[in-house]
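Below you'll find the structure, written out as C-alpha cells, and then a few comments.
The values are calculated or read from the model by the stated rules, or taken from the named source; none is laboratory data. This structure is a prediction, so every number in the text was calculated from the model and none was measured. As a convention, Cβ positions derive from the backbone with ideal geometry for all residues, glycine included, and neighbour counts pool all protein chains shown.
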Amino acid sequence: MEITSKEKKLLGINGLGRIGKLTLWYHLQSRYFDGVVINVGREVGKGLEDIMQTISTDSTYGSLDHFLFGFTGKKCEISIVDAENGLLDFGGFPVKILRKERIPRNIGWVKEGVRIVVDCTGRFLDPTIPSDDPKGSLRGHLEAGAQKVIASAPFKIKDKSHKDSGQSPTLIYGINHLNFQPHQHHVVSAASCTTTGLAHMMKPLLEDQETMRILTASMSTVHSATNTQSVLDAVPTAGTSDLRKNRSVLDNIILSSTGAGKTLEMVLPQIANIGFMADSVRIPTSTVSLISLNITFNSRVDTFGEPVISGGYINNLYRKASQGSQIGLLHFSDKQNVSSDIMGFPAAVVIEGHETHTRTGFLPIPASLLQSMGVNEARDINLPVTHAKIFGWYDNEYGSYVRCLGKLTEHIEATTR
C-alpha cells in the first residue's frame, strides 16, 4: 500500500489532540480523501501500537468500530503496514504517522504529497507570523509544501497594529465558506465550535425582514470542559490573569470568556453594526454545549395590535431554514432534549424550539421629544420592542464543529484543484 502519489488526494493533520483525532475519524467515514498523513511530532508510548489504540478508542464517543459501524459488530481492521515509516491501514484507508518534526516548516508535506493541512495543535494561530519564525507558524506549512492551511481555532493576532488585508479569512461551512478564493486565500481559520453554532443560529434571523432589525444581542454558552482546564486545582503560571482556569474542572462551574461574539463579526459582517456580548460558563461534562441567545428586536404590531415577532414566528423561521438553505446544518427540534441526546448529532446547531420565548413591551416616546427632533404634528407614540430568548445545542467536539470543519476542508480541496 503506497500512500504518496500525485494522483491521490491526501490530507495532512498537524496534531492528534481532541480535534485532530476526531478530524481523522470524520475522514475515515467520509473517504473524500484517499489517505491522511498525521504529524504527531514526537514518539508516542512504546510504538505505533499505542498510537493505534489512541486513535481507535475514545472516552467520549466510544470505539472507532462503533463510530463507523454502530453496534453491528463490524470492526475496522487496523494493521501496521510499515513500522519504520509509520504507515498504518484502517480498513483499507492509509494513514501515515510522522513523529519527528514539531515546527511546521520542517514537516515536509511536499514529500508526503499533501496539499491541504488542518492544523489542530492550537499552538499556531497567528497568520501574520512569518514561516521562518523559530517557534513555528501557520505559514510554515506553506513553506513545507502545503498549498492551503486551515487552523481549527480562531486566529489570535499578537500584533494589534496588523490590519486584516483579507488574505486570511475566517470561514464557517454553511455561513460564508463560498467566500473562499483559492488564488488569494492560503491560510484560513475555521473559527471556533461556539461561533459555528452561534452563526447558524443568527443566520435565519438576519435574513428575515422582521427579525433583522436587531437592537441588542448577547449570548452565554454553557460549555463542556476542554483540555485547557485543570483536572485538579493547580498553581497559575506567571502572568495568568484568569485564576479560575486553574481550578478543578471536575468539581466546579467556572465563569469564563469567549471570543465568539467578535469572531461572529468576521463571518456575518452585519453583526458589527449591532454589537454583541458573549460569555462562557464551563461545566463538568465531556462534550455538548448550549447557547442561550438573547436578542431585542425593533418590532412592530399587526392590524390587530398583536406583536409580529413571537416565539412561534421565530420557530417557524428555524423550521424553514432547517428544510432549506441550512438543511443538514441547522436542526429544529420540538422535543425536550438534554445534552446527551445531542452527543454526536450531525448538525451545527439544534434549536430547542420548546424553549423559545418572546415578550413585547412598548417604549413610550412623548410628542415633545418628537417635536424637538423636527417632527411636525407629532403625538405620543408607543414603540414596540420584542425581546427573545432562544436556545441552541451543539456538540462542540464531533457533531457540530469537526463535521463543519471536515466539510470546509473538502470544499477548500475541491476548489483548489
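Within region 356-377, identify whether any single residue is small (G, A, S), farther than 30 Å from H186 by Cβ and in contact with a Gly (Cβ under 8 Å, 6 or more places away or on another chain), and answer yes or no.
Within region 356-377, the subset small (G, A, S) is 361, 367-368, 372, 374.
The next check asks that each one be farther than 30 Å from H186 by Cβ; those that pass are 361, 367-368, 372, 374.
Now restrict to residues that are in contact with a Gly (Cβ under 8 Å, 6 or more places away or on another chain): none.
No; the residues of region 356-377 include none that is small (G, A, S), farther than 30 Å from H186 by Cβ and in contact with a Gly (Cβ under 8 Å, 6 or more places away or on another chain).
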query = Which condition does R244 not pass, out of (1) closer than 24 Å to K389 by Cα; (2) part of a helix (DSSP H, G or I); (3) more than 21 Å from the chain's Cα centre (by Cα); (4) of a type outside the set (F, W, Y), if it passes all the others?
reply = (1)
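Out of curiosity, is G73 closer than 23 Å to T409 by Cα and small (G, A, S)? If you could, list the steps in order and put the result at the bottom.
Details: closer than 23 Å to T409 by Cα: no; small (G, A, S): yes.
Against the criterion (closer than 23 Å to T409 by Cα and small (G, A, S)), G73 does not qualify.
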Per-region count, region 84-108, residues farther than 14 Å from G15 by Cα, exposed (fewer than 15 other Cβ atoms within 10 Å of the Cβ) and touching a strand residue (DSSP E or B) at 6+ places or on another chain (Cβ under 9 Å) = 1
inquiry  = If V149 satisfies all but one of (1) surrounded by fewer than 24 Cβ atoms within 10 Å (Cβ to Cβ); (2) closer than 15 Å to N14 by Cα; (3) touching a His at 6+ places or on another chain (Cβ under 6 Å), what's the number of the condition it fails?
reply    = (1)
inquiry  = With the structure loaded, tell me whether D58 is acidic (D, E), over 30 Å from S289 (Cα atoms) and either in a helix (DSSP H, G or I) or at pLDDT 95 or above (or both) or whether it fails that test.
reply    = no
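One line per residue, one yes/no per condition, for (1) touching a Leu at 6+ places or on another chain (Cβ under 7 Å); (2) part of a loop (DSSP other than H, G, I, E, B); (3) among the hydrophobic types (A, V, I, L, M, F, W, C); (4) not assigned by TED's automatic domain parsing to the domain that holds A347:
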{"position": "D133", "(1), (2), (3), (4)": "no, yes, no, yes"}
{"position": "G136", "(1), (2), (3), (4)": "no, yes, no, yes"}
{"position": "A146", "(1), (2), (3), (4)": "no, yes, yes, yes"}
{"position": "F155", "(1), (2), (3), (4)": "yes, yes, yes, yes"}
{"position": "G174", "(1), (2), (3), (4)": "yes, yes, no, yes"}
{"position": "P182", "(1), (2), (3), (4)": "no, yes, no, yes"}
{"position": "H185", "(1), (2), (3), (4)": "no, yes, no, yes"}
request  = Find all pairs meeting these conditions: Cβ atoms under 8 angstrom apart; at least six residues apart or on different chains; first residue within region 156-184 and over 22 Å from L198 (Cα atoms); second residue at pLDDT below 95 and exposed (fewer than 15 other Cβ atoms within 10 Å of the Cβ).
outcome  = Q184/G166; Q184/Q167
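Would you point out which residue out of P346, P269, P284 is under 21 Å from L408 (Cα atoms), surrounded by fewer than 17 Cβ atoms within 10 Å (Cβ to Cβ) and touching a Ser or Thr at 6+ places or on another chain (Cβ under 9 Å)? Reasoning before the result, please.
Numbers: P269 fails: touching a Ser or Thr at 6+ places or on another chain (Cβ under 9 Å); P284 fails: under 21 Å from L408 (Cα atoms).
Sole residue among the options that is under 21 Å from L408 (Cα atoms), surrounded by fewer than 17 Cβ atoms within 10 Å (Cβ to Cβ) and touching a Ser or Thr at 6+ places or on another chain (Cβ under 9 Å): P346.
Which of the residues that make up region 380-417 are among the hydrophobic types (A, V, I, L, M, F, W, C), closer than 30 Å to P366 by Cα and surrounded by fewer than 24 Cβ atoms within 10 Å (Cβ to Cβ)?
I381, L383, V385, listed by residue number.
Which is modelled with pLDDT under 95, of a type outside the set (S, T, Y) and in the same structural domain as N316 (by TED's automatic domain parsing), of Q229, Q209? Quick ask: steps written out before the conclusion?
Numbers: Q209 fails: modelled with pLDDT under 95.
Just a single option satisfies the conditions, and that option is Q229.
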query = How many residues are over 21 Å from H141 (Cα atoms) and among the β-branched types (V, I, T) when one looks only at region 13-59?
reply = 5
ask   = What residue, of L16, L11, is assigned to a loop (DSSP other than H, G, I, E, B), modelled with pLDDT of 95 or more and under 22 Å from R403 (Cβ atoms)?
value = L16
query = Quick one: is F33 assigned to a loop (DSSP other than H, G, I, E, B), modelled with pLDDT of 95 or more and not assigned by TED's automatic domain parsing to the domain that holds S339?
reply = yes
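Anything in region 49-78 that is surrounded by 12 or more Cβ atoms within 10 Å (Cβ to Cβ) and farther than 15 Å from K21 by Cα? List them, or say none. Don't jump to the end; show me each part of the working.
Here is the first cut: in region 49-78, the residues surrounded by 12 or more Cβ atoms within 10 Å (Cβ to Cβ) are 49-58, 60-69, 74-76, 78.
Those that are surrounded by 12 or more Cβ atoms within 10 Å (Cβ to Cβ) and farther than 15 Å from K21 by Cα: E49, H66, F69, K74, K75, C76, I78.
Name the residues in region 189-206 that are in contact with a Phe, Trp or Tyr (Cβ under 7 Å, 6 or more places away or on another chain) and either closer than 12 Å to I271 by Cβ or of a type outside the set (S, T, Y) (or both), would you?
Just the residues of region 189-206 that are in contact with a Phe, Trp or Tyr (Cβ under 7 Å, 6 or more places away or on another chain), to begin with: 189, 193, 196-197, 204.
Scanning region 189-206 gives C193, G197, P204.
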key: Which listed residue is more than 26 Å from the chain's Cα centre (by Cα) and either of a type outside the set (A, V, I, L, M) or at pLDDT below 95 (or both), from G140, G91   = G91
request  = Kindly indicate whether P366 is assigned by TED's automatic domain parsing to the domain that holds M201, surrounded by fewer than 18 Cβ atoms within 10 Å (Cβ to Cβ) and modelled with pLDDT of 95 or more.
outcome  = no
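Quick one: which of T216, T196, T211 is over 27 Å from E101 (Cβ atoms), among the polar types (S, T, N, Q) and within 18 Å of the chain's Cα centre (by Cα)? So that I can check it myself, show each step before the final result.
Details: T216 fails: within 18 Å of the chain's Cα centre (by Cα); T211 fails: within 18 Å of the chain's Cα centre (by Cα).
Going through T216, T196, T211 in turn, just one is over 27 Å from E101 (Cβ atoms), among the polar types (S, T, N, Q) and within 18 Å of the chain's Cα centre (by Cα): T196.
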